[in-house]
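All remarks here apply to the structure that follows.
Values quoted throughout were computed directly from the atomic coordinates according to the rules given, and no laboratory measurement underlies them. Only a predicted model underlies this, so the values are computations on that prediction, with no experimental measurement involved. We place every Cβ from the backbone using ideal geometry, glycine too, and count neighbours over all the protein chains shown.
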Amino acid sequence: VSPEEGVSPASSASPLEEPPEQQPVVLSTHSLAALKVGTQQIIPKGLASEIKVTSKGGGQNAETSKRVLKVRSMVESPSLPLVADAEGEAEGELDSPGSLRRGLRSTSYRRAVVSGVDFDSSLNFKKKNRMSQPILKAVVEDKEKFASLGRIKKKMLKGQGTFDGEENAVLYQNYKEKALDIDSDEESEPREQKSDEKVVFRYKPLRSTWSQLSVVKKNGLSEAISQEERKRQEAIFEVISSEHSYLLSLEILIRMFKNSRELSLTMTKTESHHLFSNITDVYEASKKFFTELEARHQNSIFIDDISDIVEKHSSAFDPYVKYCTNEVYQQRTLQKLLATNPAFKEALSRIEAHEDCRSLPMISFLILPMQRVTRLPLLMDTICQKTPKDSPKYENCKRALKEVSKLVRLCNEGARKMERTEMMYTINSQLEFKIKPFPLVSSSRWLVKRGELTAYVEEPGLFSKRTSKQQVYFFLFNDVLIITKKKSEESYNVTDYSLRDQLVVQQCDSEDLTSSPVKNTSTMLYSRQSSAAHLFRLAVLSNHAGERVELLLGTETQSDRARWITALGRDRDRQTTDRTTLTQVEITRTYTAKQSDELSLQVADVVLVYQKVTDGWYEGERLRDGERGWFPMECAKEITCRATLDKNMERMGRLLGLETNV
């Protein structure tokens, strides 16, 4: 037996003999191999915890007071705290947070302690309350056990599923897909820890990659294939592992929140329906999807392709469209319940504090279907990127990518249409026309931007005209501008309106005020500091009465002015902009849009920047779906790597069907 097995030759008794009862366990640090390099060897403290072994015999033997190490493992048997089933370890994950990776003897410190233990003597363990003496096994058994991939496949099918051993699996809220990382081409294997570095343990359990699966490691399959194919296998496996994580989170949402009697008693059936919608249907659709993906993985550890599965289920993901369409009702209902229903708020807090929810709020579970459906195209695009273009698999992957992208568009359109219709009826009920009424409600009309501005107008005086400042409130839709005066938060008097194609907007700097159509404007502006530095002109070529009107408008901030100029001018040069010349940024912090012209962003989103305003705002185009809007600079960091910039443009071309000159 190799000395690296971590057991002293002194313990090499016959496997059939009962080991001496009082002989202590020989740790790997006391083996002959270890003695050659010294008995004091360093292991990370977090891998083990000290326990004290006591004997029922009265404690005469000094050995019973010695401390032994209990090695932590996610697959450890609760009934045998110091040992585990050898067969289970062979099939389970060896790359848990308590795994070392240097050399054979370092495969697992736990393996060095318990390797070859006779598990039939578990009764003796309970009786004596001490570790059994290890019994040696021949190494050739391991070689024979994993002789071929076919035999691995049979053992996997007979045993547990791919993720069954992950007791503390990462929930989807904490799961970060490697495919969403702009540097996703880096090696999937973790870099080996340097000897002089501190060992850092993360609070969240580390998830496995394809290369870290025990069956892949034991066969050296990762080294037997090319680097590009290994990256492709990693990308395929990430679709499966992330779907598993997502499914776990959905299960918690349904079990802990939707099915909670305590929570349901605090709200009406209508409120419950608006809150959870058809989440059960979404869960069932995801479960069928994952079951088929896992079956493909169980059938062969080397996955040829999953494009057919993705394409098939994308067309059956109608529950996602319905769920996303309900988003506006969901958010409004939750806000209302939290603000006006103390019983609901109290019950919700108790449920969120439950250990199964891992201190995550319910809203983080409710938004998961929207997050998942937007990430699927990026995951499939990564597989596409890793697949040779001359391979039939590449065309299969492109078809699957097209289907999931179509699904995302349907979900976005469903959510957007419901929100727009709701807002149109709300705004229409708040407007009071003092002039000829305008039929506002239309299925093809939506709000682009709304807000208050300062208008500078001339008024007749006793001896001459004077300039006064008035507050106006604009409702800008995709085809019309409604100009109002605000009476209250829910009431506005309409003073004018114009079709959007009759508007001409122009930035106005302070030095241009002398040519302003409004006389004496500069004197008045400098005497009143507010808004003086953030002006722009708006010419209405034909208003509701067919007249030409010119307005000088001011905003409180520089970014507000830029946003109004962009919205009113519709950025006519947008289609002619060369996207390859634009700055790209990666989103480092989630941002939720608060106004109609803003862009909601997730961590790892990539955005093409069209405008930068010095007071901290970007206007950009989201790479994954082409949506455009404003967001704070503090949520993003600039991408400078040329190769990454080019890859992002290629990805945008695949996702949106755009032609780029990359």
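Quick check: residue separation of Asp304 and Glu638 times 0.36 nm, minus the Cα distance between them. What number comes out in nm?
Taking 0.36 nm per residue and subtracting the Cα distance, the gain is 116.6 nm.
Considering only DSSP states other than H, G, I, E and B, which GluC sites (Glu not before Pro) in the stretch 403-508 qualify as loop sites with at most 14 other Cβ atoms within 10 Å?
Values: sites: Glu403, Glu413, Glu419, Glu422, Glu432, Glu452, Glu458, Glu489, Glu490; in loops: Glu489, Glu490.
Listed in order of number, the matching sites are Glu489, Glu490.
Return the distance in nm (one decimal) between the two label points of a simple spin-label model at Gln227 and Asn174, each offset 7 Å from Cα along Cα→Cβ.
If labels sit at Gln227 and Asn174, their model points lie 3.3 nm apart.
From the C-alpha gyration tensor of the stretch 370-414, pull out the three semi-axes of the equivalent ellipsoid (sqrt of 5λ each), sorted largest to smallest, in whole Å.
Largest first, the stretch 370-414 gives 23, 10, 5 Å.
Counting only other residues whose beta carbon sits under 11 Å from that of Lys612, what net charge do I get with K and R as +1, D and E as -1?
-3
Provide the gained length on full extension for the span Ser442 to Ala593, in nm with one decimal, where the gain is 0.36 nm per separating residue minus the Cα-Cα distance.
This chain segment gains 52.0 nm when fully extended.
Report the FRET efficiency, 1/(1 + (r/R0)^6), for Gln507 and Glu547, where r is their Cβ-Cβ distance and R0 is 35 Å, rounded to 0.05.
Computed FRET efficiency for Gln507 and Glu547 comes out at 0.90.
Longer than 32 Å from Cα to Cα, which of Lys312/Lys612; Lys398/Lys594; Lys231/Lys637; Lys336/Lys637; Lys258/Lys393; Lys485/Lys637 are they? Say none if no pair is.
Lys312/Lys612; Lys398/Lys594; Lys336/Lys637; Lys258/Lys393; Lys485/Lys637
Determine the gain in length on full extension of the stretch Thr270-Lys345; use 0.36 nm per residue of separation and subtract their C-alpha separation, reporting nm with one decimal. Intermediate values should be presented prior to the final figure.
Working: separation 75, 0.36 × 75 = 27.00 nm, distance 1.74 nm.
Length gained, Thr270 through Lys345: 25.3 nm.
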